[in-house]
Amino acid sequence: MLSPEDVQKVATLARLKLSEEELEQIGHQLGEILDYVAVLDEVDVSEVEPMAHVADVFNAFRADETRVSLPREESLSNAPKTDGKYFLVPQILENA
Amino acid sequence: MEFTPIIGLEVHVQLLTKSKLFCGCPNLFNPDNPNVQTCPVCIGLPGSLPVMNQEALRLSQKTAMALNLNLANFTKWDRKQYYYPDLPKAYQISQFDLPFSYDGWVEVTLPSSGETTKVRLIRAHLEEDAGKNMHDESGRGGDSKVDLNRTGTPLLEIVSEPDIRSAEEARVFLEELRLLLRYIEVSDCNMQEGSMRCDANVNLHVHEDGEKIPTPIVEVKNLNSFRGVEAAIEHEIKRQIKAWETDRKRIGDVPKETRGWDADRGQTFGQRGKEDAADYRYFPDPDLVPVTTTDEQFDAIRATLCVFPADRRNSYVSDLGLSDYDASVIVDQGREYADYFDEVTSVCGDGKQAANWLTQDVQRELNDRKIEIAEFSILASVLGTVLQKIVKGEITIKSGRAVFTELLAQSDDGSDVTANSVDTIIADKGLGKVQDTGKIDIAIQAVIGNERNAKAVEDVRGGKQQAVGPLIGQVMRELKGADAGSVRQMIIDKLTS
Amino acid sequence: MDITGSTTGQLLDAMQNGTVSAVEVTQAYLNEISAHGETVGAFLSVDSEGSLTQAAEVDRKRSSGESLGKLAGLPVAVKDNICTKGLATTCASRMLENFVPPYDAHVTTQLQNADAIIIGKANLDEFAMGSSTENSALQVTRNPWNIDHAPGGSSGGSAAAVGARLASMGIGSDTGGSIRQPASFCGVVGMKPTYGRVSRYGLVAFASSLDQIGPFATDVTGTARLLESIAGYDVRDSTSVDRPVPGYSATVEQPLENLRVGVVSEFFGEGIDSDVDASIRAAIDVYRSLGAEVSEVSLPHTRYAVATYYLIACSEASSNLARYDGVHYGRRAEQFENMIDMYAASRAEGFGAEVKRRIMLGVFALSEGYSDQYYLKGLKVRRLIRNDFDAAFENVDVLAGPTCPTPAFKIGELVDDPLQMYLSDICTISANLAGIPGVSVPAGFSSNGLPIGLQLLAGPFEEEKLLRAARMFERETVWHTKRPSFS
C-alpha cells in the first residue's frame, strides 16, 4: 500500500497539483491497481528478455538533409504566452 | 595536510551535422533569430515523432574511434525525463544503459612538467540538446524567454573517469579533446558559442594518518571557457580544502552538491538544492527503434579517419627530426595548419626547414594579418617550391625571404601567386645563386684591385680576417644571389695563399 | 437512394454511375448529423463547409475525367486525437481544447490523397484513455442502439458515428481495444492492424508501443478499403514497417480454403455475459458450417494481460503526456505561484481524473526503486504473451472469441470502478501487447437489443487473411445490415 507521502512524491514527480481529497482517492485506487498487478508475481520471468518493441525493426534512419522549418508564427501559434518571438514562461528560478 | 584533487569531466560537444538529430530543421547557431529553426518534432507537438539522423550517429562513432572507445554493435535510445521550459517534450532523448561507446582514453601532456598521462573515459553517448532559456535581467521578476532553435540538435556527451589530478590537467585534457574533434571534423568545439560545454566533478582525497579520506563530490556546472574550467577547478580545490578543515565532512555525509561558476568574481557559488532528488525515470524510447552496426560498417568509418594529433606530433619528432616543441606548435594549431605543414614538407623535402618557415615567417604574417592558415595567400605548394630551392642550394635563405616578401606583395596586389611566380621572381630580381666561379672571380678581382680597398686588402693579408666583411659586401652587391660563405672563402683564399 | 443506409461499396458505385454526386452524399450525412448528431454526441467538431468543398472538388475531378482516389467522396469521421492541419485536435481534453495543429497526420494526408471527405472530428475518451468515451472532458457520446448505454471506447465517437450512419467510415486508434470494443458495442466492423502497419505520425500518443490507427465501416469490405488507403510505410514513423500493402478490398471476397479457427478458451472465462457467450459460439458454428477446422486454443498468459497492459501503457503515457505543461502549447493555469507551480496547476486543470490516475500509475511504475518490479516486469511478461500467440498461430490461421465479455454497459455504470473498467478489456488487450491485428465484426444482439461483436485475431501482417475470414462470416449473416432504429 502506498503511504500518503509516497502518493505526494509521485504527484510531485508527475507535476500534478492534487487536492488532499484527490491524493487520497488516487492513492486508494493506485493501491487497488497495484494489488491487482501483483498477479504478475506468479510469473517466472528470470529467463525472459524484456520486449520494449513489438516489431523487429532496426536502424530506421533519415539522411542528414534539412527541411523547411515552420514559420515562427506557426511555431508559436499554440503557445499560451509569447512576445511574438519567444515562448514566455514565469521567471525561471535557476535549477529549481 | 596532504591531499589529492580528484577530478572527472563531463563534456558536451555539438556535432557538425546539417540537420538536427531527430528532425530536418537546420543545425545552426542562430541566437539572434529565435524560434525559426523549429518544426512539430522539435517543438514536441502532440503526435510528432522523431527519426534518427544517420550522419549524427556516424560522426559519433568516428569520435569514439578517435577517443579509443569501444564501439557497441547494438545501441538504443532512452528517454530521460525532467521538466524545464527549454525541453518541450519534458524528456530528453538520450542513451542510458547501452550507449554506443564505452571505455576509452585520451593521452595528455602537461606543459608544466612535461609528464604524459592517460585520462580514461567511461563512455560517450549521443543525445538531443535542449533549447535556450533567457532570464529577465531587470530583477523585476519578468517572464523568462524560451528559444527552441537549438532544441534537438545532436549532442555528444563524453564522460571521463575521475582520473584528472589538477586544474591544469583538466584544461589540457579539454584542449586535447577539442583539437582531436576538430581534426576529425566532427565538431567546431566553440566554447563561446556553446558547441563545447563542460561540467566538472571535483573532490579531494585527504591523506591523514595513513588513511585516504574522500570528501563530498561537488559538480561545477556550465563552464564555458578553457580558462574558466581551470580557474573554477583551482578555486574549488581551495574551497574544498577550507571546507574540510572547518567541517571535516566526508563523501556520503551530504548529498552531492551542484555549484555554478562566477567568472567575474572568480568563485564557485552554491545553487539551490533540488527539493526532490532527480528521478529521471529512464526507459527505452518506444518511438525509436534500436540501432545495429556491423564491424564492416565500423571499418568503413575507420577508413575515413585522418592521422590524429598525438600520432602526428610523434611522427614529426621521429620521422622529420622536429623538436617536441615545434611538433606541438604545428599540430596544436589545428588540422589545416598541420596539413599545410605536411604539404610544404613534402614539396621541399625538409621538415625542419618547413617548420622554421611556418613557425616564424608564415606565423608572423598570420599574426600581423589576423588570419588563419586557410586564408593565407601563399599556398603550401608555392611555399614548398621556395623552400625546395633553398634546400637544393639554388637560392640562399636570404633570397628565399625576398621571394616570400615579393609573393606576398604580389598577392596583396590581387595577383594569384603560383609555383611559376617563384621562378619569375627569382629571374626578375636576379636572386638565383651565382654558382659560376668565373664570374665571382672577376668580381673579386675588381674589388681587390680597387684602390679604395687597399687598406682592407692589406689587413686581410696581414691575418685580420674580420676586415674581409666590407669586401664580401661589395662583391655581393655586384653579384646578386651569390653565396656569402663561398665569396668569403674565395677572397681569403686569394689574399692569403 | 438511401445514401446513409448504403455501404461504402454501394456509395462508390452510385457516385461512379452518376446516380448521386459526392456533394449529395456529403450533404446527406450532414443532414443526418443535424438530425441526430446531438443525441449521439459522436462529433466534437463537424466541418460542414470544408467537407462540402472537398466533395465539390471530387465531383469536379470526376466530371473533368481526372483520376480519383479509392475513397473518393466517402465521408469519414476522424478520431480527434489525429492531427488535422488547421482543424482543432483536442483529444477530448481541456488541455488541448484550443489546440490547432500546424501539420497533418500521415493518415490525414492518406485520406486526402484517397479523396475521402473528412466530415468531422469524433469524440473519444480523453487522450484515448478509457473504454466508454465517458472520460471525454468535452462531451457525452451515446450508443446509437440505446442512448442510455455507452458507445464503448476510446474511439467511441468514430464507432457511434458509423453505427448511427452519421459517417460512411471512421478512423480510430486502438491501444488496448479502443477500435474493436466500440465497434462491437455499436454494431459495426472495426479493425486494429498490426503494429507498424499504419504510420502513427500525427496520432497524439497515448502508449507509443501499443497505439495503432485503424478503420471502421459498416461492413468488412468497407473496412478493407479504408485500411488499404491508410496503411503503408512512412519514413516519419520509425516504427512503421516497410512492406507492401496488399489490395485488401480486391481479395476480401475470396473465402479461405481449409481455414483453421482457434477458439481462445481464456476469452470465455468468468464474467462473460450469457448472450455474448451464445452469440459467439453460434458464430463459431458458422465457421464450422463453412468447413473450417475449429479447435480450442489456450493462451495461458491471458490472465496477466490486463496487469501487463496497464503497467506498460501507463508508463509510456506518463512520459508521452509530460509535454503538456502549459509552456509551448495547450492549457496554462491562470493562477500560480511560480514556474513549477504553473506546471502542476496547468496539468491539474487540464487533465481529467482517469488521465491523472494513469499518469500517476505510470510515474510510479517507472520511478527509481520500482521500475524493475513494475515496468520491466511488464515488458518481460509481454514477451510471454507474444510467445503464446506465436505458438497458437503455428496451428491455426485465426483466433476467435468475443470482442468484449459483455454488450455495452450503461453510461455511468463503471465510472467509479476503474479496475472493473480495465478488466472489460480482457479480450482485446493481448493483441496490442503482441502487436498482432484483430477485427471485430457484428455477430448478434443481446436480449435487450445491444450489438455483440465477434473478434478474430491473426498473426503479424496477416490482415488480408483476417479480412477474408471476417467476410466469410459476414456473408453468411445479417447482423451487419441491422441499423439502430432512429438512423
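Throughout, read-outs are computed from the coordinates displayed, never taken from laboratory work. A quick note: this is a predicted structure, and the numbers were derived from the prediction, not measured. Here the Cβ positions follow ideal geometry from the backbone for every residue, glycine too, while neighbour counts run over all protein chains shown.
Among the listed pairs A:K17/C:K356; B:K439/B:K494; A:K9/B:K145, which have their C-alpha atoms separated by more than 19 angstrom in this model? Violating the 19 Å limit, Cα to Cα: A:K9/B:K145. Near C:A28, within a Cβ-to-Cβ distance under 12 Å, what is the net charge of the other residues, with Lys and Arg +1 and Asp and Glu -1? Neighbour charge sum, excluding C:A28 itself: -2.
Note on the range B:354-405: dipole from Cβ charges, positive end direction compared against B:S399, B:I373, B:T385; the farthest Cα belongs to B:S399.
Fully extending the segment from C:N258 to C:D13 would add 84.9 nm, taking 0.36 nm per residue of separation and subtracting the current Cα-Cα distance. The local environment of C:L419, defined by Cβ-Cβ distances under 15 Å, has a net charge of -4 under the rule Lys, Arg +1 and Asp, Glu -1. Each of B:F404, B:F283, C:F216, A:F61 was scored by other Cβ atoms within 10 Å of its Cβ. Listed from fewest to most, they are A:F61, B:F404, B:F283, C:F216.
What ranking do B:119-131, C:61-73 get when scored by the average of other Cβ atoms within 10 Å per residue, highest first?
By packing density, highest mean first, the sequence is B:119-131, C:61-73.
Adding -39500 (n - 2.57) for every DSSP H run of four residues or longer, then dividing by how many residues chain B holds, sets the calculated 222 nm ellipticity at -12000 deg cm²/dmol.
Note on B:K242/B:E394: beta-carbon distance plugged into 1/(1 + (r/R0)^6) with R0 of 60 Å gives a FRET efficiency of 0.35.
Paramagnetic label reach from C:S289 (point 7 Å along Cα→Cβ; backbone nitrogen cut-off under 18 Å): within the range C:246-264, residues C:255-256, C:259, C:261. The alpha-carbon of B:K76 sits under 26 angstrom from the alpha-carbons of these lysines, leaving out residues fewer than 8 places away in its chain: B:K18, B:K20, B:K62, B:K89, C:K377, C:K380. A protection proxy built from the mean count of other Cβ atoms within 10 Å ranks the segments B:374-384, B:309-319, C:305-315, most packed first, as C:305-315, B:374-384, B:309-319. Peptide B:90-96 shows a mean partner chain C-beta count of 2 within 10 Å per residue C-beta.
Here's the picture: charge each Lys and Arg Cβ at +1 and each Asp and Glu Cβ at -1 in chain B, and of B:S318, B:G349, B:G194 the one pushed furthest to the positive end of that dipole is B:G349.
Across peptide C:336-343, the mean count of Cβ atoms from other chains lying within 10 Å of each residue's own Cβ comes to 6.
Cross-link partners of C:K85 among aspartates and glutamates, defined as those whose alpha carbon lies under 17 angstrom from its own and excluding same-chain residues fewer than eight positions apart: A:E73, A:E74, C:D47, C:E49, C:E97, C:D104, C:D115.
Spacing of the modelled spin labels on C:A278 and B:E458, each 7 Å from Cα toward Cβ, amounts to 14.9 nm. Take each residue of peptide A:41-51, count the partner chain Cβ atoms within 10 Å of its Cβ, and average: the result is 6. Put in line by how crowded their Cβ is, counting other Cβ atoms within 10 Å and starting with the fewest, B:H12, C:H106 read B:H12, C:H106. Between C:E270 and A:S19, what FRET efficiency follows from the Cβ-Cβ distance if R0 is 51 Å, with the result rounded to 0.05? Here the calculated transfer efficiency is 0.85.
Placing +1 on the Cβ of every Lys and Arg and -1 on the Cβ of every Asp and Glu, with no other charges, gives the range C:71-150 a dipole of roughly 120 debye about its Cα centre. Summarising the label geometry, the points placed 7 Å from Cα in the beta-carbon direction at B:R140 and B:D441 lie 9.6 nm from one another.
Taking the Cα centre of the range B:373-490 as origin and assigning +1 to Lys and Arg Cβ atoms and -1 to Asp and Glu Cβ atoms, the resulting dipole is close to 600 debye.
Can you find, among B:P470, B:V487, B:V460, the residue farthest towards the positive end of the dipole of the range B:437-496? Put +1 on the C-beta of Lys and Arg, -1 on that of Asp and Glu. Farthest towards the positive end: B:P470. Site pair A:A38 and B:D423 shows an inter-label distance of 9.5 nm when each label is modelled 7 Å from Cα along Cα→Cβ.
Summing charges over all other residues whose Cβ lies under 14 Å from the Cβ of C:S265, with Lys and Arg as +1 and Asp and Glu as -1, gives -3. Note on the range B:307-428: with charges restricted to the Cβ of Lys and Arg (+1) and Asp and Glu (-1), its dipole about the Cα centre is near 340 debye. Rounded to the nearest Hz, the phi-derived 3J(HN,Hα) couplings of the range A:16-25 under the Karplus curve 6.51 cos²θ - 1.76 cosθ + 1.60 (θ = phi - 60°) are 10, 8, 10, 6, 3, 4, 5, 4, 5, 5, where x marks glycine and proline. Here the contact order of chain C, divided by its residue count and restricted to Cα pairs under 8 Å and six or more residues apart, works out to 17 percent. Among B:C306, B:C42, B:C25, C:C186, sorting on how many other beta-carbon atoms sit within 10 Å of each Cβ, with the fewest leading, yields B:C306, B:C25, B:C42, C:C186.
Can you work out the FRET efficiency for the pair B:S415 and B:S381, with r the C-beta to C-beta distance and R0 = 22 Å, to the nearest 0.05?
Calculated transfer efficiency: 0.85.
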